[in-house]
RNA sequence: GGGCGCUUAGCUCAGAUGGCGAGAGCGCUGCCCUUACAAGGCAGAGGUCGCAGGUUCGAGCCCUGCAGCGCCCACCA
């Protein structure tokens, strides 16, 4: 037994930090561009979805990073020039909110500081606290090219944003206009519709009577937002609605404000809904705004930025919108104009940042004319230049693209890319590629637009700005389009769509060839993790307790593409057990290895179990490659888990213990080596450590003297080896396995202790005997058999009988077993066998089965039937023998 | 209101092109500290594959309908 440099216990915490810095120091994460393809290596690039600077690692990030890291590591090992581009998002609203909260603690607001000082303060905060999440990514094992770290708000990315804004403006794809937008009265900014979350909230539908101008009954309208009636400038009915025909062109009186408003006919009104008459508030409802446009109605904004009522609301000025709602209902009721109030759930928009109910509101904002951009994006998905994994996600994405509104990109915030538009003294707008000089500003009385851009505007450029755009860099030449964009399906609309649009616009090519969607991490019962449920689990805690490898394995293990990923502590614990198993298996191999190196390759002559394990290895390798092609890391991990634990450890290792030949050691080493390679993308740390040990490297990487020129992280991926497929060895080994299992079961059924050795008389016939012959040593060891002979006459004395394919094994018993129990067991088996035989015979008696089913299927069924018949015969004989 | 997904063992999930004598992990039961690993080994119990029809020689898998759960999207006041 040789000395090995692996500690007895698997200690992920120590190992992971050490191995990570070793990789990092040696620069394995860094990739060099290859713009002219001189290296002949296929480029591979993934841009990391930039986490918010304010963020800290949650399970969603952990899943994202694990999957992307696994893809990048695999790409590296199959010889691609792989780069993973990391960075962070300045995250406009989110970050501004965080710093504003800080200020609030100090008792001041951003307005006390002023714009410039506030922004300086946010930068300070960013330098000090931001980016914690990237450190946490390292603990997870992320092999990102940190030298290329980008920030959506740094100098270079800002230049890119400026250029895109100006280009779009010059192309007529950005405009400023007055539209209904979603306004957050707490964040005090416009939001795009995508930043609004709709929930079904309890509410009410109120019916109000608007009397006619001549004092007659007028019309009854329905609304869920009573207070907006103060901004009504018309009532609309369907043009073909007979009930209201005589009112069209006339007017009604808006109660409380006594404003006379026209009744207009508009086909958008659904006569079937409610009373068929609609109040029209162009300043506070998108539909009404359109009706207003068609009929040239006034728009009356009745609210302040904080969603209290303004002077237009007359006597209600100064009230909060909900207070006003109640007050107005009371007042209308007093006038006899409140017809009814019915409780009713209805969809309400909430700010995705702070959950405040948003107010649809008429406002002057900057917009991206989305149609031309969205059409190109949709086309790229339809013609397959970018494909989705899983494919089904493309449909929803396309539906969404086909029904887009113009994108509101201006935000009334301070933290973000300021809109490069200046107004002169006359209010004339100029969008400028360079900031105007001081003289110019003074001479023309220029002032810059106060607004900043939606944070998604800059992240939309991520796949090429991370590569240096707008400069023409070798990076860009090498890695654009990116290979894969990996993200949760929840931000396909926010982010993926915009990257596609901007990529096609700026680069004239898709930003990535594949959109790979993972699911959401959920708790053990598939419930969403949320603070209010109290079921949030912190990945960093798990990393500390179980190791990053275990967390990665647990996450990936249920991460089928697009499927949600349930996670619980026991799952991670189970994954660590797997790492531990691997650790111990490697320790055993290392102690056994002597001077054998995995580089020696396979021996020329091999035993049955050698050929079997190699055949199984090849089969695992094929499954893993197939799963990787489908981005199905769950299948990858399953295949490897099963191979390592159930085949390599449980069978091959146990058999190898019997042997002291060099051949067994060489097989042991080669199989371990390849298994470690294939596991590396998922559990990088433990595999690197074990692989180094296997290749005789010093255990202490910290004191690495450079003599080790190799590292698993950049070792080649196992190549297909169809020659290792060995159906005969598999079949033969299966027989061995069956004999061992059956004998073990016999032992367990009869309560025979493992220490008790057995004698076996095998009644098998020459053919089956020959099959088992090669595995006899194994059977002896694994089933605790002392003596074994083949004898068709069977055992002479009383014996237990164990069914195996092609015959039975007799175990002389010396009268120590429970006869009744044995009879019962045989009866149970008989029943099962008889049922199976009936099933098979019915099938075979069916002419259409025999004539129509493929010949091998029919033959297999016949063989099954014969076998069950023999089993029944044997069991019957056994039962008789016991009496 | 539209679209999508899910429904298989107590729990969480696998089950290419229909051939299943339905699997895994965890949990459970029994035996075992067998010199890689008790974070382990061996053996076992546990399933009318949501329901109803249909196609087929054959359906967990395909078709139709229904039910339940979940998600995304949505300007019916």
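Readers should treat all values here as calculations from the given coordinates under stated rules, not as data from a laboratory. Every value quoted in this text rests on a predicted model; they were computed, and no experiment measured them. Cβ coordinates were reconstructed from backbone atoms using ideal geometry, including for glycine residues, and neighbour counts include every protein chain displayed.
The simple spin-label model puts a point 7 Å past each Cα toward its Cβ; for residue A:175 and residue A:200 those points are separated by 3.8 nm.
Taken over chain A, the percentage of Cα pairs per 20 Å bin, counting from 0 up to the bin with the maximum distance, is 12, 32, 28, 18, 9, 1. Against the main long axis of the alpha-carbon atoms of chain A, helix A:12-25 sits at an angle near 70°. Once both labels are modelled 7 Å past Cα along the beta-carbon direction, what's the residue A:605-residue A:508 spacing in nm? Once both label points are built, they end up 6.8 nm from each other. Placing R0 at 56 angstrom, the Cβ-Cβ distance between residue A:428 and residue A:563 gives a FRET efficiency of 0.55 after rounding to 0.05. A crude spin-label estimate for the pair residue A:333 and residue A:629, with each label 7 Å from Cα along the Cβ direction, gives 7.0 nm. The gain in end-to-end length when the residue A:124 to residue A:146 segment is fully stretched comes to 5.8 nm, 0.36 nm per residue minus the alpha carbon separation. Look at the alpha carbon pairs under 8 Å that are at least 6 residues apart: their mean separation over the length of the range A:449-498 gives a relative contact order of 44 percent. The C-alpha atoms of chain A define a longest principal axis, and helix A:370-382 lies at about 20 degrees to it. Per-residue Cβ neighbour counts within 10 Å put A:849, A:464, A:746, A:588 in the sequence A:849, A:588, A:746, A:464, beginning with the fewest.
Using a cutoff of 8 angstrom between alpha carbon atoms and counting only pairs six or more residues apart, the relative contact order for the range A:486-563 works out to 32 percent. Relative contact order, whole percent, for chain A stands at 13, derived from Cα pairs under 8 Å and 6 or more residues apart. Rg/Rh for the range A:13-130 stands at 1.13; both radii use Cα atoms, and Rh follows the Kirkwood definition. With neighbours defined as other Cβ atoms within 10 Å of a residue's Cβ, the residues A:269, A:431 order from fewest to most as A:431, A:269. Here is how the number arises for chain A: DSSP H runs of 4 or more residues each give -39500 (n - 2.57), the sum is divided by the residue count, and the result at 222 nm is -13500 deg cm²/dmol. Ordering of A:488-501, A:252-265, A:861-874 by packing is A:488-501, A:252-265, A:861-874, highest average first (other Cβ atoms within 10 Å, averaged per residue).
What is the calculated FRET efficiency for residue A:646 to residue A:400, with r their C-beta to C-beta distance and R₀ = 56 Å, to the nearest 0.05? About 0.80, to the nearest 0.05.
Against the main long axis of the alpha-carbon atoms of chain A, helix A:662-679 sits at an angle near 10°.
Packing order of peptides A:712-725, A:756-769, highest average first: A:756-769, A:712-725 (average count of other Cβ atoms within 10 Å over each peptide's residues). With the gyration tensor restricted to C-alpha atoms of the range A:211-305, the semi-axes of the equivalent ellipsoid amount to 19, 15, 12 Å, longest first. Counting neighbouring beta carbons within 10 Å and listing from fewest to most, the residues A:832, A:163 come out as A:832, A:163. Only beta bridges with both residues in chain A are counted; by DSSP, about 70 percent of them are antiparallel. In this calculation the C-beta distance from residue A:116 to residue A:528 is compared with R0 = 41 Å, giving a FRET efficiency of 0.50. With q set to 0.16, 0.19, 0.20 Å⁻¹, the log10 of I(q)/I(0) for the range A:269-367, from the Debye formula over equal scatterers at the Cα positions, is -0.94, -1.32, -1.43.
Only residues of the range A:718-743 count here: report those whose backbone N is under 19 Å from the spot 7 Å along Cα→Cβ of residue A:756, or say none. In the range A:718-743, the label zone of residue A:756 (backbone N under 19 Å from the point 7 Å along Cα→Cβ) covers A:740-743.
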